[in-house]
Amino acid sequence: MSDLRELLTVRPGNARLADIDPRSTPGLPGKQAIGDDPKRWSQAQVATISEQLNAYQERLFASAKEGATNRRVLLLLQAMDCGGKDGTVRNVTQGMSPAGMKAVSFGPPDEEERRHDFLWRISRALPPAGHVGVFNRSHYEDVLVVRVHNLVDEGEWSRRYDQINAFEAEQAAAGLTIVKVMLHISKAEQKKRLLARLDDPSKHWKYNPGDLAERARWDDYQRAYEDAVNRCSTAAAPWYVVPADRKWYRNWAVATLLRDAFADIDPQYPAPDFDVAAERARLLAAD
Ligand code: ADP
């Protein structure tokens, strides 16, 4: 395991969100490596990591040709409102081939989804072999917003942690690498970002008056997040809590976590199933 994964992973039962400073920057190289402008440093790093991610993505895609492997990768993002999920997706997937990558957002379940188990819509949205998926929100909403607003009774949501662990373990055994990231922002940072949305007409579309009612339940949400990451950080699918008040740190950290997950898989181009030299000779001999 790389240093960053060690530093950010949730050890089940031990994580207290209040003890993780959203402005902190765990695992960041020293000032000597970074220089005076951390934002610029992060941009350059993320650009380099993106190139690595794109190369990995292509090899993963190629390796799954004709059903040769069932490997696939899922980056799952959860955060409070204004936590930076969209910005993270943009940064981390920049340049990935849309043919092998798909980002999916989950809102309140529609009528058909409500007729099924909460994991039904999730299973359908998982990336197929060779693909990378990004979840902007996920089945964890079913133990977050659902718990905070009592959308189902406690008996039901409290069973979901074990159901989620079983589901993720089954998927992991079937070739899915799951990188689960909670973008951890402070209440003060959320206020700043909500204000920025109100003060900039080009951001009004992102503001929803209901956001303030959700913000009023901040402590309930933090408790629900804390339980989710503690109860569902498993060997098959660990949770990472990424301090996210500083966007440049967040982008670097999430890109690094995803890159490290790919490095473990280390997908390889498949060997050609034809005689390269013979094909070359044939092509040269043709018109
Ligand atoms: P985002 O805030 O992610 O940019 P939206 O503004 O469309 O996107 O918000 C999606 C909403 O859907 C959130 O308020 C979230 O709590 C809600 N949601 C997601 N999953 C569920 C679920 N399973 N049950 C109820 N609400 C959900």
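Among the residues that make up the stretch 177-184, is at least one of them under 30 Å from M101 (Cβ atoms), surrounded by 15 or more Cβ atoms within 10 Å (Cβ to Cβ) and either of a type in the set (S, T, N, Q) or within 11 Å of the ligand (Cβ to nearest atom) (or both)? Yes: the stretch 177-184 contains one or more residues that are under 30 Å from M101 (Cβ atoms), surrounded by 15 or more Cβ atoms within 10 Å (Cβ to Cβ) and either of a type in the set (S, T, N, Q) or within 11 Å of the ligand (Cβ to nearest atom) (or both).
F135 falls short on exactly one of the conditions (1) open to solvent by less than 40 Å² (accessible area, probe 1.4 Å); (2) under 30 Å from C82 (Cβ atoms); (3) assigned to a helix (DSSP H, G or I), and that condition is (3).
Among the residues of the stretch 65-83, is there at least one that is assigned to a helix (DSSP H, G or I), within 14 Å of the chain's Cα centre (by Cα) and within 16 Å of the ligand (Cβ to nearest atom)? I'd like the intermediate steps shown before the answer.
Taking the stretch 65-83 first, the residues assigned to a helix (DSSP H, G or I) are 65-67.
Those still in the list that are within 14 Å of the chain's Cα centre (by Cα) too: none.
No: the stretch 65-83 contains no residue that is assigned to a helix (DSSP H, G or I), within 14 Å of the chain's Cα centre (by Cα) and within 16 Å of the ligand (Cβ to nearest atom).
The lone criterion from (1) open to solvent by 40 Å² or more (accessible area, probe 1.4 Å); (2) within 22 Å of the chain's Cα centre (by Cα) left unmet by P22 is number (1). List every residue pair whose Cβ atoms sit under 8 Å apart, with the two residues 6 or more apart in sequence or on different chains, where the first one lies in the stretch 55-72 and is among the acidic types (D, E) and the second, anywhere, is open to solvent by 40 Å² or more (accessible area, probe 1.4 Å). What qualifies is E58/S97.
Residue by residue, here is whether (1) at pLDDT below 95; (2) of a type outside the set (S, T, Y); (3) farther than 26 Å from L257 by Cα; (4) within 13 Å of the chain's Cα centre (by Cα) holds:
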{"site": "D142", "(1), (2), (3), (4)": "no, yes, no, no"}
{"site": "V148", "(1), (2), (3), (4)": "no, yes, yes, no"}
{"site": "E168", "(1), (2), (3), (4)": "no, yes, no, no"}
{"site": "G175", "(1), (2), (3), (4)": "no, yes, no, no"}
{"site": "V181", "(1), (2), (3), (4)": "no, yes, no, yes"}
{"site": "E189", "(1), (2), (3), (4)": "no, yes, no, no"}
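Do we have A125 as under 28 Å from W252 (Cβ atoms) and within 15 Å of the ligand (Cβ to nearest atom) here? Yes. The single condition among (1) of a type in the set (A, V, I, L, M, F, W, C); (2) open to solvent by less than 80 Å² (accessible area, probe 1.4 Å); (3) at pLDDT 95 or above that L7 does not satisfy is (2). Considered as a group, the residues in the stretch 149-166 that are within 14 Å of the ligand (Cβ to nearest atom) and charged (D, E, K, R) include one that is least open to solvent (accessible area, probe 1.4 Å), and that residue is R160.
Please go through the stretch 231-262 and pick out each residue that is in a helix (DSSP H, G or I) and farther than 18 Å from T88 by Cα.
If we filter the stretch 231-262 for residues that are in a helix (DSSP H, G or I), which is where we start, we get 231, 247-262.
Passing the criteria: only R231.
Every listed requirement among (1) part of a helix (DSSP H, G or I); (2) in contact with a His (Cβ under 9 Å, 6 or more places away or on another chain) is met by P109 save one, (1).
Looking only at the stretch 102-122, count every residue that is more than 10 Å from the ligand (Cβ to nearest atom) and either open to solvent by 40 Å² or more (accessible area, probe 1.4 Å) or free of Cβ contacts under 8 Å to residues at least 24 places away in the same chain (or both) and tell me the total.
Going residue by residue through the stretch 102-122, those that are more than 10 Å from the ligand (Cβ to nearest atom) are 102-104, 110-112, 115-117, 119-120.
Subset that is either open to solvent by 40 Å² or more (accessible area, probe 1.4 Å) or free of Cβ contacts under 8 Å to residues at least 24 places away in the same chain (or both): 102-103, 110-112, 115-117, 120.
Qualifying residue count for the region: 9.
Among the residues of the stretch 199-213, are any under 23 Å from the mean Cα position of the chain (by Cα), within 23 Å of L17 (Cβ to Cβ) and among the hydrophobic types (A, V, I, L, M, F, W, C)? No: the stretch 199-213 contains no residue that is under 23 Å from the mean Cα position of the chain (by Cα), within 23 Å of L17 (Cβ to Cβ) and among the hydrophobic types (A, V, I, L, M, F, W, C). Pairing each residue of the stretch 131-148 that is on the phi < 0 side of the Ramachandran plot and near the ligand (Cβ under 7 Å from one of its atoms) with any residue that is open to solvent by less than 20 Å² (accessible area, probe 1.4 Å) and hydroxyl-bearing (S, T, Y), provided the two are 6+ apart or on different chains, yields no C-beta distance under 6 Å.
Take the residues in the stretch 254-287 that are of a type in the set (G, A, S) and farther than 19 Å from A55 by Cα; name whichever of them is most open to solvent (accessible area, probe 1.4 Å). Step by step, filter the stretch 254-287, then rank; the result is A285. Annotation: of all residues in the stretch 84-95 being in contact (Cβ under 8 Å) with a residue 24 or more places away in the chain, surrounded by fewer than 19 Cβ atoms within 10 Å (Cβ to Cβ) and closer than 30 Å to L144 by Cα, the one that is farthest from the ligand (Cβ to nearest atom) is Q94. From the list R23, R5, R59, the one residue that fits, being outside any helix (DSSP H, G or I) and either of a type outside the set (F, W, Y) or in contact with a Phe, Trp or Tyr (Cβ under 6 Å, 6 or more places away or on another chain) (or both), is R23.
The values are calculated or read from the model by the stated rules, or taken from the named source; none is laboratory data. From a predicted model like this one, the values you see are computed outputs, not experimental measurements. Because the Cβ atoms are built from the backbone with ideal geometry, glycine has one as well, and the counts that use them run over all protein chains shown. The accessibility values were calculated without ligands, DNA or RNA, using every heavy atom of the protein model including side chains. Shrake-Rupley method; radii C 1.70, N 1.55, O 1.52, S 1.80 Å.
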